[in-house]
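Encoded as structure tokens, the structure appears first; notes follow it.
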Amino acid sequence: MTETSMPVPAPGAPRGPETPSPTTSVSRAPQQIWRRVRGLLLAALLLVAAGITFAALTSDGAHGRLDPRSPDPTGSRAVAELLKNRGVTVDVVTTLDEATAAAGPDTTLLVAGPNVLTAYQRHVLRAATGDSSGRTVLVAPGRSSVGTLAPGTHADSAGPVTSRPADCDLPAARSAGTADTGGFRYRTDTHDAVACYPADGLPTFLVLPEHGTGDTVLLGSPDLLHNDRLDQQGNASLALQTLGSRPHLVWYLPSLSDPSAMENPGDGSGSGDDGAAVGSGFLDLVPSGWLWGTLQLALAAVLAAIWRARRLGPLVTERLPVAVRASESTEGRARLYRKTNARDRAAETLRSATRDRLAPLVGVPIRDAQSPEFLIPAVSACLGIPSDSDAAALLFGPAPADDAALVLLTDQLDALEREVRTS
Amino acid sequence: MALTGRTALLAALGSLPVGILAPSWTGMLAVNVPLSLAILCDYALAAPVRTLRFTRTGDTSVRLGDTANVRLTVTNPSGRRLRAQLRDAWPPSSWSSEAEQAASHHRFTVPAGERGRLTTLLRPSRRGDRQAQHVTVRSFGPLGLAARQGRHDVPWTVRVLPPFTSRKHLPSRLARLRELDGRTSVLTRGEGTEFDSLRAYVPGDDTRSIDWRATARQSSVAVRTWRPERDRHILVVLDTGRTSAGRVGDVPRLDAAMDAALLLTALAARAGDRVNLLAYDRRVRARVRGGAAGGDVLSAVVTAMAPLEPELVETDARGLSTAALAHAPRRSLLVLLTSLDAAPVEEGLLPVLPQLTRRHTVLVASVADPHVEAMTRGRGSIEAVYGAAAGTRTAEQRRRTADQLRRHGVTVVDATPDALAPALADAYLALKAAGRL
């Protein structure tokens, strides 16, 4: 209220040092918030941009690798189409359950990525394919997976992929001739295994006979199945003969979304505790450097806690004086009046005080201030009004009936006192 | 033993070699064993804290609101350089704000065998004695990785004196006092006045004050002049009982009463009267015998008042009266700084008042509450009107109590904290002018 009635200085007028600043608000202005968060926003933006750039740079042709639906250079659509033309059905599966269900004497099961299978998956797969009497083709199984998927066989160090002669008695290899082989070289304890395409004395193409008419084919590198190499050397011939020996081809592309990848290998029932399996899976995936680095950071955090926890001397206590407001009893009395609606008492107190103040003003001795027969005529005479009933009702009347009447009475008493003072 | 942020930082940086170069127990050991050795070496090489010697100098008293400097001298008798952080701990009310508390922390370096001096600034927020608690020293090693920590007890007390804000009223009251001295013949002689001098009669002087004997000796008419008697005794009695604890504004009633007492003391000391002080609730809390008039008494009174705190007990009025009578063997002006609440006065003070008034002039001064006065003026809403009724009732009761006291011949001063000191000084001057001291 006072601010609006204050004279507003002219726009060019100099402001005094005591002129308050335009705003007294302590909350931040939008500009301040912007200044505060723009650094963070810029950092977030940079992070996102770097992430996108990195993803774009690293997403090379590896996408759709060995996928029988992919026409990319490293895809395998060409061999799949050729097999279809020859009457072989090609089914793509991505889960272990589908792959094991499809295993059978009429089926060739191609495992595109045996190295990404978990230990449990390898066990399940081996159990299904070992005595299915069908053919199992493992594409470039590494050291970790070959021991489980083809027992008795070991993978040796990998070599380059080049054209190599078949150099064995396998009919398919003989008819195919040279082919682009290489990659892992295998060493096996199985006596009747057929070893082809040797590199530095060890085969990169190995056929292991299994139970019944079944066999397992180990392929040292996937290159001969790729679209871009299929038409070179005897690649196509070798691929078609290897994969087309049975009327059905099941192409197993292991995927991360496969629920069996989460199974705990030690759990015999097959339905393990998901939380523990996920936790161990996550820790397995994190590189060990991060784990050890985090452990060291935790140690640093403990040291920091010790640093901050040590206080420079104990707290100092102090005896403080009591803080009782002297007016507390008066305020309590006011609340008590309000609670009990003591209008009569409040009105009498206020009237009595007004009478005491009026008495000296109108020339009545203070000891007669509370008696109507002295005070009222004096007040009437002072105000110059003939009838004294108003003043009598005001100063000695009955208690007000409601709260509004009490407030009004107070104001009227003030008005009367003012009138007497000014008359 | 205390670690530093540097230690934690080094350990955190160690996570890089551990994570990148050697993620194994070997890597952890390779990082942490040298770090632990460095911490131990640092601890061993830090200057010892136990043998440090401390002495204090500086202010021993400060007026409330002013700043006190307390100097701390640190002697490092060891053969090693002392790099230290130090906390000179004082009670929290030794500073007015959190920011000022930073003054208790020091960072310093003292070469081997030398001394360093630190200054702690205090700006107390409450009256009373502030005692230094202890000095905590953290002595860092040369690498800043670890520190020795220890405590020393270096006692020192700073007495925080009442602020005496009513000082500003002193010049005007002193001027009135001088006028009083000069009011020669106008001042009627009587009890409490003494003969001052003779001077030549000027028209307008009271003819009754003509000294005929002196006139006969000289050629002109001489009149006698009088002045208020000097060397009167004043006993200021502070009631430190529960009624003095109530807060009026932001300070206890006792502090407002002290302010008024200080102005009275300063004024009376200049007027040549002897001021004594007594603080009492159920026993004597403070006592000052102003034997010698002059400036000393004011500082004695201020010092005596400084540590006084209100006690939450009912004042023993009988004991207070006895103590006051024992303290004022000669006829005195008793200035009683107490409350005008009905119950304590009617049950405590009134019965013993005749003993006091028989020999002495009694002045009762009380601190009124401006908040109650504001409540009395409340209008407009029903709450405000009830507040006004309650405030009026309280004021009425105080007035009635004051009237009761006045009927016993007691002078009563009842004023808000700001107005109490000048009002009390005026009452004193009026009594002096009337020759009632």
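Values in this text are rule-based calculations from the coordinates and carry no lab data. Source: prediction; values computed, not measured. Here Cβ is always computed from backbone atoms with ideal geometry, including for glycine, and neighbour counts include all displayed protein chains.
Brief remarks on what is shown
- Computed FRET value (nearest 0.05) for A:Thr162 with A:Ala101, which takes r as the C-beta separation and R₀ as 35 Å: 0.40
- Whole-number percent relative contact order across chain B, with pairs defined as alpha carbons under 8 Å at least 6 apart: 13
- Site-free segments of chain B were taken between GluC sites (Glu not before Pro) in DSSP loops having at most 10 other Cβ atoms within 10 Å, sites themselves excluded; the longest one is B:192-437.
- Helix B:295-305 and the longest principal axis of the Cα set of chain B meet at an angle near 60°.
- Cα point-scatterer Debye curve for the protein assembly as shown, base-10 log of I(q)/I(0) at q = 0.06, 0.07 Å⁻¹: -0.74, -0.84
- Site pair B:Thr215 and A:Phe396 shows an inter-label distance of 5.9 nm when each label is modelled 7 Å from Cα along Cα→Cβ.
- Working from label points 7 Å from Cα in the Cα-to-Cβ sense, the B:Thr119 to B:Ser61 distance is 2.2 nm.
- Using the Cβ-Cβ distance between B:Thr357 and A:Ala415 with R0 set to 60 Å, the FRET efficiency from 1/(1 + (r/R0)^6) comes to roughly 0.85.
- Formal net charge of residues neighbouring A:Leu303 (Cβ-Cβ distance under 12 Å; K, R +1; D, E -1): +3
- Surface/4 of the Cα convex hull for the range B:233-433, nm²: 10.9
- Between the range A:304-364 and the range B:320-362, the alpha-carbon center distance in angstrom: 28
- Partners for B:Lys432 among aspartates and glutamates (Cα-Cα distance below 17 Å; same-chain residues under 8 apart left out): B:Glu179, B:Asp181, B:Glu191, B:Glu194, B:Asp196, B:Glu229, B:Asp231, B:Asp273
- In degrees, nearest ten, helix B:253-270 long axis to first principal axis of chain B (Cα): 60
- Exposure proxy ranking, count of Cβ atoms within 10 Å, fewest first, for B:Thr109, A:Thr190: B:Thr109, A:Thr190
- Between 0 and 90°, nearest 10: helix B:350-359 axis offset from chain B longest Cα axis: 60
- Taking 15 Å as the cut-off, the amide N atoms of the range B:107-125 that come nearer than this to a point 7 Å along the Cα-to-beta-carbon line of B:Asp250 belong to B:124-125.
- A Cβ-based charge dipole, computed about the Cα centre of the protein assembly as shown with Lys and Arg at +1 and Asp and Glu at -1, lands at about 6120 debye.
- Gap separating the Cα centres of the range A:88-104 and the range B:81-119, nearest whole Å: 79
- Cβ-derived FRET efficiency at R0 45 Å, B:Phe195 paired with A:Leu361, nearest 0.05: 0.50
- Footprinting exposure proxy ranking of A:Ser327, A:Ser423, fewest other C-beta atoms within 10 angstrom first, gives A:Ser423, A:Ser327.
- Cα-projected label distance for B:Arg400 with B:Leu174, points at 7 Å along beta-carbon direction, nm: 4.5
- Radius 11 Å from Cβ of B:Ala214, net charge of other residues (Lys, Arg +1; Asp, Glu -1): +3
- By the rule of a second cysteine Cβ within less than 4.7 angstrom, the protein assembly as shown holds isolated cysteines at A:Cys382, B:Cys41.
- 5 Å binning of all Cα-Cα separations within the range B:192-293, expressed as whole percents from 0 upward: 3, 11, 15, 13, 10, 9, 8, 8, 7, 6, 6, 3, 1, 0
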